[in-house]
Amino acid sequence: MIIFPDCKINLGLHILYKREDNYHEVETVMYPIPLQDILEIVPSDELIFTSTGLEIPGNPENNLCLKAYELLKKLHDIPPVHIHLHKIIPMGGGLGGGSSNGAFTLILLNNLFELDLSPQELKIEAAKLGSDCVFFIENRPQLCTGRGEITAPIEFSLADFFIKIINLGIHVSTAEAYSGVIPEAPQRPILAVLSQDITEWKGLLINDFEPGVFNNHPELAVAKNKLLEEGALYASMTGSGSTLYGIYAQRPEKSFLNIPVEVVFPLR
């Protein structure tokens, strides 16, 4: 069986306060975008994980696809499988590609072995993999709070717009991103901003990670400004960075030279 894991952008991201469990309370809207990996799972005599496409750093045993398999095996004693992941989504850039891979592995195994797990049951397992994984179980626009694992679907669409995604190849660790943030209550809730016309979002729809990350990597601020100058109605960094995106009324041309990722496609 084959499935195509999406990634996401963050429409606003507020870091509200540090919790007693040392996680941060957040508020963000995640929106799925059709930049996809390819995930195939077939029965096998032994558990195998292989990958092609972009090189995945780190120990393969720590891949969320394998961790998702192990979670369901403990619950349902499913047989071995061969998991193959063709990696297209840039890693470590705030797009949630790894989280998507883990969540979609749960979905695909549920279908392959007819486990009949409900979306809510899949969300419980996804939360064990990581905060962003929960979003990808429903894979629709959602308000995400808590650590990001508390999700509430919203009626919101950018289907009339185009998106340009760029990644300059700059790695921003989670620790670096959080070191530049002073948690505080936002001036306006994200949903209140999203209810306005997109032309009003600039300066109101804020990613709290941007000031610190841009201070450390000023070329990201330059790239964001270029997106706006070439006609983006709104531009932002997604997640803790460093991927940037611009939203356009009409399809933009590619305009960046010699960067690892620049893709343009219609939103849905």
Can you tell me which residues in region 209-233 are crowded, with 21+ Cβ neighbours inside 10 Å and closer than 21 Å to Val264 by Cβ? Leu220, Ala223, Leu227, Ala232
Condition set touching a residue at least 24 places away in the same chain (Cβ under 8 Å) and not in a helix (DSSP H, G or I), scope region 106-115, selection nearest to Cys144 (Cα to Cα): answer is Leu115
Determine which member of the set Leu47, Leu54, Leu72, Leu66 is surrounded by fewer than 22 Cβ atoms within 10 Å (Cβ to Cβ) and either among the small types (Gly, Ala, Ser) or within 28 Å of Lys164 (Cα to Cα) (or both). Leu54
If I go through region 1-26 residue by residue, how many of them are touching a helix residue (DSSP H, G or I) at 6+ places or on another chain (Cβ under 6 Å) and either part of a strand (DSSP E or B) or farther than 21 Å from Gly53 by Cβ (or both)? 3
For region 146-172, what are the residues that are touching a residue at least 24 places away in the same chain (Cβ under 8 Å), closer than 27 Å to Glu125 by Cα and not charged (D, E, K, R)? Gly146, Gly148, Thr151, Ile154, Phe156
Among the candidates Arg147, Arg140, Arg188, residue that is modelled with pLDDT under 95, part of a loop (DSSP other than H, G, I, E, B), of a type in the set (D, E, K, R) and within 21 Å of the chain's Cα centre (by Cα): Arg147
Would a scan of region 121-137 turn up a residue that is without any contact (Cβ under 8 Å) to a residue 60 or more places away in the chain, at negative phi and not in a helix (DSSP H, G or I)? no
If Ser118 meets every condition in (1) under 20 Å from Gly53 (Cβ atoms); (2) without any contact (Cβ under 8 Å) to a residue 60 or more places away in the chain apart from one, which number is that one? (1)
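The values are calculated or read from the model by the stated rules, or taken from the named source; none is laboratory data. Everything quoted here is computed from the prediction, not taken from an experiment. With ideal geometry, Cβ positions are generated from the backbone for all residues, glycine too; neighbour counts draw on all protein chains shown.
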